[in-house]
Amino acid sequence: MQGQIALVGMMGVGKTAVGQEIARQLGVAFSDTDAEIERAAAMSIPEIFARDGEAFFRDRESVVLARLLEGPRGVISTGGGAWVQPQNRALIRAAGISVWLDATLETLWARVRQRPTRPLLMTAAPRETLAALLEARRPVYARADLHVSTDAESDIETMARRVIAAIRAGRPAFLEEK
């Protein structure tokens, strides 16, 4: 495999779970930018948002992403807003391939509505906030190298196989050993 596979997409789409399975199937390292940020800060992401704000979080996210992209070949799960930042798109493009995991609003809402760990959804109308975020981010996510739709019926192993198949179809040389 040449470079990094960076999974991008909305919160709740399954980037971490699917990313771990892709890494397992390919026998490469897995990293999660959100987990790395929490580890470095010794705080949860909602705590970071509450204490320092979203702009501070996005700055840290870019620093962590750059470090992970320089690491061993593997799969990186990015935060839902990471790909929205132009500097992060440039970093990912320079280090590998981006795969947009896409899902319907209904699928995303079913996955995130019971989780209090989504600071951007801590609003009076979280479903409407999620819909607005999805609508605003969809055109930016569409700039990813590859697009793989997810659904509520497919299990994690199936989704990982779909992503690997999409890479093989769209960028066949990427998965070859150097």
Original post:
Which of the residues spanning region 164-178 are of a type outside the set (Lys, Arg) and over 20 Å from the mean Cα position of the chain (by Cα)?
Top reply: Ala169, Pro172, Ala173, Glu176, Glu177
**OP:** State all residues of region 133-147 that are part of a helix (DSSP H, G or I) and surrounded by fewer than 13 Cβ atoms within 10 Å (Cβ to Cβ); if no residue qualifies, say none.
**Re:** Glu135, Ala136, Pro139
Original post:
Name the pairs whose Cβ atoms lie under 6 Å apart, with the first residue in region 78-91 and of a type in the set (S, T, N, Q), the second part of a helix (DSSP H, G or I) and crowded, with 22+ Cβ neighbours inside 10 Å, and 6 or more positions between them or separate chains?
Top reply: Thr78/Thr33; Asn88/Leu65; Asn88/Ala82
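Given the options Glu70, Glu128, name the one that is closer than 22 Å to Ser31 by Cα and among the acidic types (Asp, Glu). Even if it seems obvious, please write down each step before you answer.
Details: Glu128 fails: closer than 22 Å to Ser31 by Cα.
The conditions single out Glu70.
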Subject >> Which listed residue, of Leu65, Leu101, is under 17 Å from Ala23 (Cβ atoms) and outside any helix (DSSP H, G or I) >> reply: Leu101
Original post:
Has region 84-95 got any residue that is assigned to a strand (DSSP E or B) and either within 13 Å of the chain's Cα centre (by Cα) or buried (at least 17 other Cβ atoms within 10 Å of the Cβ) (or both)?
Top reply: no
Original post:
So which pairs qualify, if the first residue must be in region 157-178 and closer than 18 Å to Ser77 by Cα, the second must be surrounded by 14 or more Cβ atoms within 10 Å (Cβ to Cβ) and hydroxyl-bearing (Ser, Thr, Tyr), the Cβ gap must be under 6 Å, and the two must be at least 6 apart or on different chains?
Top reply: Met159/Thr150
**OP:** Could you please give the count of residues in region 20-47 that are surrounded by 21 or more Cβ atoms within 10 Å (Cβ to Cβ) and either out of contact with any Gly (no Cβ under 9 Å at 6 or more places or on another chain) or among the hydrophobic types (A, V, I, L, M, F, W, C) (or both)?
**Re:** 2
Original post:
Which condition number does Thr16 fail, the rest of (1) in a helix (DSSP H, G or I); (2) among the hydroxyl-bearing types (Ser, Thr, Tyr); (3) over 23 Å from Leu134 (Cβ atoms) being met?
Top reply: (3)
Subject >> Cβ-Cβ under 9 Å pairs, at least 6 apart or on other chains, region 12-35 side closer than 23 Å to Val63 by Cα, far side acidic (Asp, Glu) and modelled with pLDDT under 95 >> reply: Thr16/Asp34; Thr33/Glu61; Asp34/Glu61
**OP:** Please give the number of the condition Ala35 fails out of (1) modelled with pLDDT of 90 or more; (2) more than 25 Å from Leu130 (Cα to Cα); (3) hydrophobic (A, V, I, L, M, F, W, C).
**Re:** (2)
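Restricting region 104-123 to residues that are out of contact with any Ser or Thr (no Cβ under 8 Å at 6 or more places or on another chain) and not in a loop (DSSP other than H, G, I, E, B), which is surrounded by the most Cβ atoms within 10 Å (Cβ to Cβ)? Spell out the reasoning first.
Here is the first cut: in region 104-123, the residues out of contact with any Ser or Thr (no Cβ under 8 Å at 6 or more places or on another chain) are 104-106, 108-116, 118-119, 122.
Adding the requirement that they be not in a loop (DSSP other than H, G, I, E, B) leaves 105-106, 108-112, 119.
Numbers: Leu105: 14, Glu106: 11, Leu108: 25, Trp109: 17, Ala110: 13, Arg111: 17, Val112: 20, Pro119: 17.
It comes out as Leu108.
The values are calculated or read from the model by the stated rules, or taken from the named source; none is laboratory data. The shown structure was predicted, so the numbers you read here are calculated from the model rather than taken from an experiment. As a convention, Cβ positions derive from the backbone with ideal geometry for all residues, glycine included, and neighbour counts pool all protein chains shown.
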